[in-house]
Amino acid sequence: MRIYLLIAAIAGGVTWLVTPLIRHLAIEIGAVGQVRARDVHTIPTPRMGGLGMLIGFTVATIFASRMPFLSGLFNGNYQMWVILAGGIMISLLGMADDLWDLDWMLKLAGQLLISVFVAWGGLQIISLPFGDSLVTASPSLSMAITAFLIVASINAVNFVDGLDGLSSGIVAIGGIAFAIYSYIIARSSPSYASLATLIDVAMVGVCVGFLLHNWHPAKLFMGDSGSMLLGYLITCASIVMTGRLDPASIHASIYLPLFMPILLPILVLFLPVLDMVLAIARRLAKGQSPMHPDRMHLHHRMLRIGHSVRGAVLILWGWAALIAFGSITILFFKAQHVAAGMAAAVVVLTLATMYPYLKHRLPELQAENLAYEAARKSAQHATDAPRVGKADKSDTTSATGKADTTDTVNTANQSDQSDNKSDN
């Protein structure tokens, strides 16, 4: 474990040190993000921070190849170098987009070509669950599935990269969860060294190192060169994990917990994937391109209901941690205990998510209720008014009739008294 922590520290330290230099370079060559209608930031900010992340990851990889504990992952095995080459290419593609704003179809074609290259270099999903057993996929099917997963993850992280520190934090949380999982799985093998764990810890390191410069207000954006790199790396780590398992010797009922590497990228990137799916569906429903920009992403909605940038980022981190670590803990703890803990966390996060909306909406609801009660009482008073008038008229008539009767009786008495006087 100490070796992996050292790799993470190297990756994070190098990224933190070179990022200010990358910022100055971005300003010099014009890689500065202008303020667009869909952007949250209000001043032009340099992009291309992914180059610093790539340098940090590359240096950490070279150090790892020289360490006795991890050197076995590189001796006679070119998989890590293929992954690093793919990371360099995907970052260069992102840098080109940061500089010249490439057409989305051209960028997607580049992502697909790089993914196919990496799959052709040996990074493939070897087996798939089918019924009660596992089957080995054909080379062409393995390459197709691998390329699809890599492209989908790249764009998922790219879609969610809209607030300072959001995408790097979400990927770091997912990377920590996956590193723990892959490390535990590696402990059951003769060698504790794990290529998936190495990729994860180096990725977490570059995320933390860059986050120190990218926390709101950000001094530098990672740009497509960074978001595409992170989506690529976290998927490569999950695919590497599937290559450690032999489908011919493991029954599906035993293998299912170990098959989580295929599901884990979706789970640790649940928020980015959800945001991407919603965005694509929303744009296609309007007859727009799937890559057409708008201000309807999850982070935009968080800001719209009243969250600050930092508050929205922290809450989205919380949701990402809930899903990522919940998917891991269910493999090692009783399902009912995990479900109870996740239910409590969901309640807390839901209240935190809706707090600004409720804070402003509850007084409005109270004012609406008071206005409704006042209107209801006014209407009731207007309805009761005719009844009150009719009752007053009846009382007046009764009182008048009673007075007339009294006067008649008094007159009759006076007449009797006059008659009596005449008789006397």
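The values are calculated or read from the model by the stated rules, or taken from the named source; none is laboratory data. Note that this is a predicted model, so its numbers are computed, not measured. For neighbour counting, all protein chains shown are included, and Cβ atoms are generated from backbone atoms with ideal geometry for every residue, glycine included.
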Looking at the structure I just gave you, is Phe325 at negative phi and at pLDDT below 85?
no
*asked:* For the structure I just gave you, tell me whether Tyr355 is of a type in the set (Phe, Trp, Tyr), surrounded by 10 or more Cβ atoms within 10 Å (Cβ to Cβ), within 26 Å of Ala320 (Cβ to Cβ) and modelled with pLDDT of 50 or more.
replied: yes
Selection over the stretch 41-69 where residues are surrounded by 22 or more Cβ atoms within 10 Å (Cβ to Cβ) and in a helix (DSSP H, G or I) yields a count of 10
When every residue in the stretch 190-242 that is among the aromatic types (Phe, Trp, Tyr) and outside any helix (DSSP H, G or I) is compared, the one nearest to Thr58 (Cα to Cα) is Phe221
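Residue-by-condition table, conditions (1) surrounded by 14 or more Cβ atoms within 10 Å (Cβ to Cβ); (2) modelled with pLDDT of 80 or more; (3) assigned to a helix (DSSP H, G or I):
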| site | (1), (2), (3) |
| --- | --- |
| Ala320 | yes, yes, yes |
| Ala339 | no, yes, yes |
| Ala344 | no, yes, yes |
| Pro363 | no, no, yes |
Among residues of the stretch 98-133 being within 21 Å of Asp161 (Cα to Cα) and at pLDDT below 90, the residue surrounded by the most Cβ atoms within 10 Å (Cβ to Cβ) is Asp98
When the stretch 276-301 is checked residue by residue, the ones that are under 13 Å from Leu166 (Cα atoms) and either among the hydroxyl-bearing types (Ser, Thr, Tyr) or within 10 Å of the chain's Cα centre (by Cα) (or both) are His297, Leu298, His299
Matching residues in the stretch 70-98 (under 24 Å from Met1 (Cβ atoms) and among the hydrophobic types (A, V, I, L, M, F, W, C)) number 6
